Amino acid sequence: MYDCACMIDLDIDGDALRGHHARRGVTRRLHKCDECAEMIQPGDVCELATWRCHERAQWRGYNGTRERHYTCADCLSIRDALFCGSWYYGNVLEEVVEHIYENSGEVAPACILQLTEAAKDWVCSVIQDTFDEINEMEADSE
């Protein structure tokens, strides 16, 4: 585990999923990343997760059907470096933005070093946006 692991940990009811299986590998077909909505090209590394939700997980929009979720290498690097234990598929980037904002743009350099280049660029842009917003709020209050 890296020095920065466990920056974000969501309290998720693990019993809501049945038969969860995730595997990483090279894709043979074009897929869309369910985190960033970028296209995962044939030959790219990605993760495919499948599961069936309990009926009681309907509050999250699931109805007990089999779910499939693709995650690109860049979003995987963000999840691996910044999350521990649990996350909601499809909400990883939103949780990162919220975490960075709540922590005034602070992210441990060790975390950023674990990211792919594209993920580093994205996280750094979120940090910059947070700093810009904080500076605007400070300027408005003067």
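Where a number appears in this text, it was derived from the coordinates with a stated rule and is not lab data. Note that the coordinates shown come from a computational prediction; the quantities given were computed from them, not determined experimentally. Positions of Cβ are generated from backbone atoms using ideal geometry, with glycine treated the same way; all protein chains shown enter the neighbour counts.
Of the residues L76, I100, C46, the one whose Cα sits farthest toward the positive end of the charge dipole of region 18-141, with +1 on the Cβ of Lys and Arg and -1 on the Cβ of Asp and Glu, is C46. Give me the number: length gained by fully extending N91 to M39, i.e. 0.36 nm times residue separation minus the C-alpha to C-alpha distance, one decimal in nm. Computed gain between N91 and M39 is 17.0 nm.
Sort T50, T116 by Cβ crowding within 10 Å, fewest neighbours at the top.
Details: T50 13, T116 17.
Ascending Cβ contact count within 10 Å gives the list T50, T116.
Loop-located chymotrypsin sites (Phe, Trp or Tyr not before Pro) in region 64-131 (DSSP state not H, G, I, E or B) with no more than 12 neighbouring Cβ atoms inside 10 Å: Y88. Each of L76, L82 has some number of other Cβ atoms within 10 Å of its Cβ, and from fewest to most they run L76, L82.
The distance between label points at E117 and R66 comes to 3.8 nm (points 7 Å beyond Cα on the Cα→Cβ vector). Around the amide H of H20, modelled in the peptide plane, lie the amide H atoms of R52, all under 5 Å away and 5 or more residues distant in sequence or on another chain.
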